[in-house]
Ligand code: ATP
Ligand code: MG
């Protein structure tokens, strides 16, 4: 922790609060990350000042989260979230507390947090406040619920995803009761909104251990979206984890692996249920369509696919194909793209305007461009203007 200190603007917020007699602490993910020696992505502060009091102290604030006690302080082109100590009321839908109450003491605020590692507070000038043994758990690489796991997951089912996601991201293991609680309470995840589940799954897919998704499925957290199978599919499913750490190939790889094992009806079905964006849905569906056929053999085959599906989708399918079926599609595709050979009417040495000058219009013009493209895909060396214009003449005359 010694070598990571909060930036000046964060210290300024802490000190401004303290100077007015309020308590102010860094809390949550930023403290955990500092202990781990990782630079925090964002800095959260908790305080006993009420939201109106926080607003009065800083000239520029946003109040979108004020219902939950959070005031966003805008300072030197940064945003710092300042949240009043609170406890959460009862949880109606396994996700949202019906009401929050502001409290005067830090320990109550820390007690509502999800895991011991996220329930540590650090004052600007003093010792950490760690009532649940978070420091020790971080040192041992353990994710442990604050309090009784079953109850904490009943309150908010998203915490089960968070536990698995953090374990993948940090390489931590789940404390035994926390793990057992996830398996016991997994069915509550069905009530979560698809968007929240989608965001958690995507974050899992983008860690260095995307195989955590297999545990997530096995535990039953994704039963609303994925059919669990009793037979041992894990060793095959896990292959998609060899894909580059990017959202599109990892979603496509996951879809292809799940479809292959009949765990989803179709990629489209799965991804639309999770409210993925249209582009990802289309690209993954196209990738899976491509993967159902034998891989292209010749450069011409690749060019036909590139023309039909576009570079992004074909590249994605090639990556998934290599990962799932140990092929060498990416090398072949790279060679085709590197050759600079034409696979789209946009790359033809003649343009639509050239053909208009030659008197072609409408449907006829479209068909001619398509004919030229076919020809050039077969004879790439002939993608030359004069030659193609001659060819158009010849075809017109015949
Ligand atoms: P990340 O680095 O992914 O942002 P984080 O721990 O900062 O990790 P946030 O979602 O930003 O996660 O939440 C900030 C803090 O709020 C957490 O560290 C935790 O103390 C608390 N928190 C967030 N979500 C929950 C939840 N669902 N239940 C209980 N406490 C939560
Ligand atoms: Mg955070």
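The values are calculated or read from the model by the stated rules, or taken from the named source; none is laboratory data. Given the structure is predicted, the values throughout are model-derived calculations rather than measurements. Neighbour counts run over all protein chains shown; Cβ positions are idealised from the backbone, glycine included.
Of everything listed in (1) assigned to a loop (DSSP other than H, G, I, E, B); (2) closer than 24 Å to residue 160 by Cα, the single unmet condition for residue 4 is (2). Taking the criterion of being closer than 13 Å to residue 34 by Cβ and under 26 Å from the mean Cα position of the chain (by Cα), the residues of the range 118-151 that qualify are 118, 138. One residue stands out in the range 7-47 among those that are in a loop (DSSP other than H, G, I, E, B) and touching a residue at least 40 places away in the same chain (Cβ under 8 Å): the one that is nearest to ligand 1 (Cβ to nearest atom), namely 28.
Could you go through the range 70-81 and let me know if any residue there is in a helix (DSSP H, G or I) and within 30 Å of residue 154 (Cβ to Cβ). There is no residue in the range 70-81 that is in a helix (DSSP H, G or I) and within 30 Å of residue 154 (Cβ to Cβ). Do we find that residue 224 is at pLDDT 95 or above, more than 16 Å from ligand 2 (Cβ to nearest atom) and exposed (fewer than 15 other Cβ atoms within 10 Å of the Cβ) in this structure? Answer is no for this residue.
When the residues of the range 82-113 are narrowed to those that are in a strand (DSSP E or B) and surrounded by 22 or more Cβ atoms within 10 Å (Cβ to Cβ), which ends up nearest to ligand 2 (Cβ to nearest atom)?
First, pick out the residues of the range 82-113 that are in a strand (DSSP E or B): 82-84, 86-88, 91, 97, 100-102.
Remaining after also requiring surrounded by 22 or more Cβ atoms within 10 Å (Cβ to Cβ): 82-84.
On the way: 82: 14, 83: 12, 84: 17 Å.
Result: 83.
Screening the range 62-78 for residues that are within 14 Å of ligand 2 (Cβ to nearest atom) and under 19 Å from residue 110 (Cα atoms) and picking the one that is surrounded by the most Cβ atoms within 10 Å (Cβ to Cβ) gives 70.
Of all residues in the range 338-355, count the ones that are touching a residue at least 24 places away in the same chain (Cβ under 8 Å) and either in a helix (DSSP H, G or I) or over 18 Å from residue 390 (Cβ atoms) (or both). Talk me through it step by step, then tell me what you get.
Just the residues of the range 338-355 that are touching a residue at least 24 places away in the same chain (Cβ under 8 Å), to begin with: 339, 341-345, 347-350, 354-355.
Imposing the further condition that a residue be either in a helix (DSSP H, G or I) or over 18 Å from residue 390 (Cβ atoms) (or both) reduces the set to 339, 341, 343-345, 347, 354-355.
So the answer is 8.
Against the definition (more than 16 Å from ligand 2 (Cβ to nearest atom) and part of a loop (DSSP other than H, G, I, E, B)), how does residue 59 come out, yes or no? Judged against the criteria, residue 59 is a match. Here residue 141 passes the criteria (1) touching a strand residue (DSSP E or B) at 6+ places or on another chain (Cβ under 9 Å); (2) within 16 Å of ligand 2 (Cβ to nearest atom); (3) within 21 Å of residue 209 (Cβ to Cβ) except the one numbered (2).
In the range 176-194, is there at least one residue being touching a strand residue (DSSP E or B) at 6+ places or on another chain (Cβ under 6 Å), more than 16 Å from ligand 2 (Cβ to nearest atom) and not in a loop (DSSP other than H, G, I, E, B)? Full working, then the answer.
Within the range 176-194, the first condition is being touching a strand residue (DSSP E or B) at 6+ places or on another chain (Cβ under 6 Å), and the residues that meet it are 178.
Narrowing further to those that are more than 16 Å from ligand 2 (Cβ to nearest atom): 178.
Those left that are additionally not in a loop (DSSP other than H, G, I, E, B): 178.
Yes, the conditions are met somewhere in the range 176-194.
Residues being at positive phi and either modelled with pLDDT under 95 or within 14 Å of ligand 2 (Cβ to nearest atom) (or both): count how many of those fall in the range 20-36.
Here is the first cut: in the range 20-36, the ones at positive phi are 21, 28.
Filter again for either modelled with pLDDT under 95 or within 14 Å of ligand 2 (Cβ to nearest atom) (or both), leaving 28.
Total meeting the criteria: 1.
Hey, any hits in the range 122-130 for a residue that's modelled with pLDDT of 95 or more, assigned by TED's automatic domain parsing to the domain that holds residue 4 and within 16 Å of ligand 2 (Cβ to nearest atom)? There is at least one residue in the range 122-130 that is modelled with pLDDT of 95 or more, assigned by TED's automatic domain parsing to the domain that holds residue 4 and within 16 Å of ligand 2 (Cβ to nearest atom). Would you say residue 389 is farther than 24 Å from residue 290 by Cβ, at pLDDT 90 or above and surrounded by 13 or more Cβ atoms within 10 Å (Cβ to Cβ)? So residue 389 fits the description; yes.
Among the residues of the range 236-282, just one is closer than 17 Å to residue 195 by Cα, without any contact (Cβ under 8 Å) to a residue 24 or more places away in the chain and assigned to a loop (DSSP other than H, G, I, E, B), namely 277.
Inclusion of residue 40 among residues that are more than 16 Å from ligand 2 (Cβ to nearest atom), closer than 26 Å to residue 95 by Cβ and crowded, with 16+ Cβ neighbours inside 10 Å is not warranted.
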